[in-house]
1. For volume of the Cα convex hull per residue in Å³, pick the label among (1) 129; (2) 110; (3) 93 that corresponds to the value derived from the coordinates.
2. What are the ³J(HN,Hα) couplings of the range 69-77, residue after residue, when phi is run through the Karplus curve with 6.51, -1.76, 1.60 and θ = phi - 60°? Round to Hz, x for glycine and proline.
3. Tell me, what is the percent relative contact order of the range 1-65, built from C-alpha pairs under 8 Å that lie six or more residues apart?
4. Relative to the first principal axis of the alpha-carbon coordinates of the chain, what is the inclination of helix 6-16, with its axis defined by its Cα atoms, in degrees from 0 to 90 and to the nearest 10?
5. Relative to the longest principal axis of the C-alpha atoms of the chain, give the angle of the C-alpha long axis of helix 41-55, reported between 0 and 90° and rounded to the nearest 10°.
6. Express in nm, to one decimal, how much length is gained between residue 76 and residue 8 on full extension, taking 0.36 nm for each residue of separation and deducting their alpha carbon distance.
7. Modelled label-to-label distance, residue 60 and residue 16, 7 Å Cα→beta-carbon offset: nm?
Amino acid sequence: MPERSIAALHAAIAAHAPDLLADFDAGWRAKAADTYDIGAAPAFLARWWAEYALARDPELDRHVRDLGERAAHSTDPDKAKALLEEAAAIHRRAGLLGPGE
């Protein structure tokens, strides 16, 4: 993982997960640059930190996306909830990675 800053994360995404870059840039413009609200930066960084961490591990990324798809198509609310909770737990763990990990 890169240094925990928006600029470093942007550079890492550009270098290692370029398919995410357009969404990252659009999100940054919508969250902070267009509104001049720097208060949005920590939440934006947290979200994209986890997204990038997952993108670095294609197998884990596919697994998380599969959990979401299975939840969306489940007719059992308890099963859907369990699938979404598993995906959320993986996102939380990814968000806890530190620079250099």
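Values in this text are rule-based calculations from the coordinates and carry no lab data. A quick note: this is a predicted structure, and the numbers were derived from the prediction, not measured. Cβ: placed from backbone, ideal geometry, glycine included. Neighbour counts: every protein chain shown.
1. Structure-derived value, by its label: (2).
2. 5, 5, 5, 5, 9, 6, 9, 9, x
3. Values: 34 pairs, mean separation 18.3, N = 65.
Reported as a whole number, the value is 28 percent.
4. Result, in degrees: 60.
5. 60
6. Values: separation 68, 0.36 × 68 = 24.48 nm, distance 4.16 nm.
Gain in length upon complete extension: 20.3 nm.
7. 1.1
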